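Q: Attaching a single structure in structure tokens format; questions to follow.
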Amino acid sequence: QVQLVESGGGLVQAGGSLRLSCAASGRIFSINAMGWYRQAPGKQRELVAIFTSGGSTNFADSVKGRFTISRDNAKNTVYLQMNSLKPEDTAVYYCYANIQSRQLVRADLYWGQGTQVTVSS
């Protein structure tokens, strides 16, 4: 069984910064993709930033230039550094990973429990 555990959310004023962490644990053979989505009240869940299976990164247009994503492969952890935060960044942020738990089996999708980010104006 694989678990994703997030940390780092909270309340911050506009213009401030937060850093989210997501650690994957359990039976992991390979991590094909890992990153972050978010969901604001009344809106659909949307991609924020992600490492793709090819190792490249994708960002939502709304966060380009403000958010960066990094990872520590030895710790199976991905980080989201969020700078110049805006009230419209307020959402629950979910860690996402596409993980192969054993060799020769298909990869599965996993989600963290979510962490609240609130940006006050």
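Q: Among the numbered criteria (1) more than 13 Å from A97 (Cβ to Cβ); (2) assigned to a loop (DSSP other than H, G, I, E, B); (3) open to solvent by less than 60 Å² (accessible area, probe 1.4 Å), which one does S70 miss?
A: All conditions are met except number (2).
Q: Exactly one of (1) open to solvent by 30 Å² or more (accessible area, probe 1.4 Å); (2) under 13 Å from the mean Cα position of the chain (by Cα); (3) among the hydroxyl-bearing types (S, T, Y) is unmet by Y93. Its number?
A: (1)
Q: Report yes if V78 is open to solvent by less than 40 Å² (accessible area, probe 1.4 Å), touching a helix residue (DSSP H, G or I) at 6+ places or on another chain (Cβ under 9 Å) and in a strand (DSSP E or B), otherwise no.
A: Numbers: open to solvent by less than 40 Å² (accessible area, probe 1.4 Å): yes; touching a helix residue (DSSP H, G or I) at 6+ places or on another chain (Cβ under 9 Å): no; in a strand (DSSP E or B): yes.
It is false that V78 is open to solvent by less than 40 Å² (accessible area, probe 1.4 Å), touching a helix residue (DSSP H, G or I) at 6+ places or on another chain (Cβ under 9 Å) and in a strand (DSSP E or B).
Q: Of the conditions (1) more than 17 Å from L4 (Cβ to Cβ); (2) open to solvent by less than 30 Å² (accessible area, probe 1.4 Å); (3) of a type in the set (S, T, N, Q), T115 satisfies every one except a single condition; which number is it?
A: Exception for T115: condition (1).
Q: Follow-up question, since we're still on this one. For segment 31-57, how many residues are over 17 Å from S70 (Cα atoms), more than 14 Å from the chain's Cα centre (by Cα) and either small (G, A, S) or surrounded by 12 or more Cβ atoms within 10 Å (Cβ to Cβ) (or both)?
A: Here the count works out to 2.
The values are calculated or read from the model by the stated rules, or taken from the named source; none is laboratory data. Quick caveat: nothing in here was measured; it's all calculated off a predicted structure. Because the Cβ atoms are built from the backbone with ideal geometry, glycine has one as well, and the counts that use them run over all protein chains shown. Heavy atoms of the whole protein, side chains included, go into the accessibility calculation; ligands, DNA and RNA do not. Shrake-Rupley method; radii C 1.70, N 1.55, O 1.52, S 1.80 Å.
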